Structure formats: structure tokens, C-alpha cells
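Have a look at the structure below, then the notes.
The values are calculated or read from the model by the stated rules, or taken from the named source; none is laboratory data. Given the structure is predicted, the values throughout are model-derived calculations rather than measurements. Counting neighbours? That spans all protein chains shown, and the Cβs are built from the backbone with ideal geometry, glycine included.
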Amino acid sequence: MATIAGGNIESPTPELIAPRWHTALLIALFLGLAVGGAFFQRHARSQPEMLHQHPEVAPLYISLIAMEWGLVIYVWRGGLRRTGTRLSELIGGSWANAKDVLVDCGLALSLWAVWMLFETMWSRWLGPEHAASIQTYLPQRALEIILWIGVSISAGFCEELVFRGYFQRQFDTFTGSRWIALFLQALLFGIAHGYQGIEACAKIVCFGLLYGLLALWRKSLRPGMIAHAGSDILSGIFGI
């Protein structure tokens, strides 16, 4: 039965779960995505009319789903298998019965509520974001909504596995500090969302810190995965 870890979240520094070169290549990929995102923002500001017309997003959503699961395959087959680490070890936690599921769902709901409060305060203190909006890329038709749910579930599982699981563990081993590791994975997570603009990236770094803290405390990625997927579904479909 899964239990909630209390108070002390200190534990021995973990061993490498993948070769260093494997991690370096993945970091390079996300830095490349950040550069691409910067070009997107620059292009969008120079041609604002492109953000006032809803494009054909179904192919984009399908490609995002494929990319998310491609990252998992890269982490699993290219990294974890080389060190004998199982995906279940990286995810952590266990569901022996319905109570365990409900506990993690309750933690996920609490995490989402904290994030909503943070976003509200962020907007109140700093005002609206000035980067080019990606609202026109959100779903509007039935098929797009179905695909968006697929994108959100994929992002919830895959991004939590990669950032709060893989990177947080690897950075912990590299630096010998889980707190530095927590910050580095969150920073990389924010940078990887460069297509949303600098202000959004800064906010997403905070998202990564909050979710990383829960993963450290709970010693499981499951609540974060549920909260991440649910948050993306609600924000994309209902604007919450």
C-alpha cells in the first residue's frame, strides 16, 4: 500500500540511471526547441495576422503526441535499459487498491488548486503576458478536442517522466544536491517552452519547481502526472 512520506524528504544520492552522453543529447534537444520557440515568437510578432486565424491543428496535435512518446522511448530504450533501471522505478509509488488511487488523485487536485492560485496571483501582480499568444492553436472542433485530450494525457505522463523523473534523478547525481537538481530540471522545463515567450517560460519554471517538490516529497510521479494532464485538458478546452 502506498503511504505518504512525512516531513524529511532527504535520501541517499541516487546512481546514474543513464549515461551522461544520453542526458547531454536530450538537453541539446530541448535547447534546440527553445531556439525554435524564439523564432516562432519573433515570426508571430512580425506577422500578427497569423495568430488571428485558427489553423489546421490536428496534424500538429498528432505530431506532438508522437514526439512526447518518442521522448519516453528515448529515455527508456536509450538510457534506462543501459543501467538496468525500470520505468516503474522512475515513476515510483504503487496502487494496491482504490484507496491508493484516491490519495494520489486528491494530491493531484490539491496541486492543481495551488497552481491555479499561483497563476491568479502572477497575473494580478505582473499583469498580462506580452508574448505572442498561442490561443489560436487550442482546440475548437470535436476532433481537435479529442486529439487535445490525447496530447494532454501524453504530456502529463511523458513530461513528468522526463523532467521530474529522468532529469531530476540525473541532475541529483551530477550535482550531489537534490535542491540544485530540482531547480535545474525546472529551468530546463521552462526553457523547453520557449515558444510561449519569456514571461510564460518564467512561470513554467515555477510549475516545474512545484511539481518537482511534490515528486520529491511523495517519491512518486503519479500525482504530478494526473495533475499535469488534467491541467492541460482544462486549460486547452475551457481556458482554466
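Observations
- Segment 181-206, subset among the aromatic types (Phe, Trp, Tyr) and buried (at least 19 other Cβ atoms within 10 Å of the Cβ), residue farthest from the chain's Cα centre (by Cα): Tyr195
- Flag if Tyr166 is within 14 Å of the chain's Cα centre (by Cα), in a helix (DSSP H, G or I) and either crowded, with 20+ Cβ neighbours inside 10 Å or free of Cβ contacts under 8 Å to residues at least 60 places away in the same chain (or both): yes
- Subset tally (residues that are of a type in the set (Phe, Trp, Tyr) and exposed (fewer than 15 other Cβ atoms within 10 Å of the Cβ)) for segment 96-124: 1
- Some residue of segment 95-103 being modelled with pLDDT of 90 or more, farther than 20 Å from Ile233 by Cα, basic (Lys, Arg) and in a helix (DSSP H, G or I): yes
- The set of residues from segment 43-75 being surrounded by 11 or more Cβ atoms within 10 Å (Cβ to Cβ) and at pLDDT below 90 comprises His43, Ala44, Arg45, Met50, Leu51, His54, Pro55.
- Condition check for Leu111 on (1) at pLDDT below 95; (2) within 20 Å of the chain's Cα centre (by Cα); (3) closer than 15 Å to Ser235 by Cβ: one failure, at (1).
- Pairs meeting the criteria (first residue in segment 216-240 and closer than 23 Å to Leu138 by Cβ, second residue among the β-branched types (Val, Ile, Thr), beta carbons under 7 Å, at least 6 apart or on different chains) are Ala229/Ile153; Ile233/Ile149; Leu234/Ile240; Ile237/Ile145.
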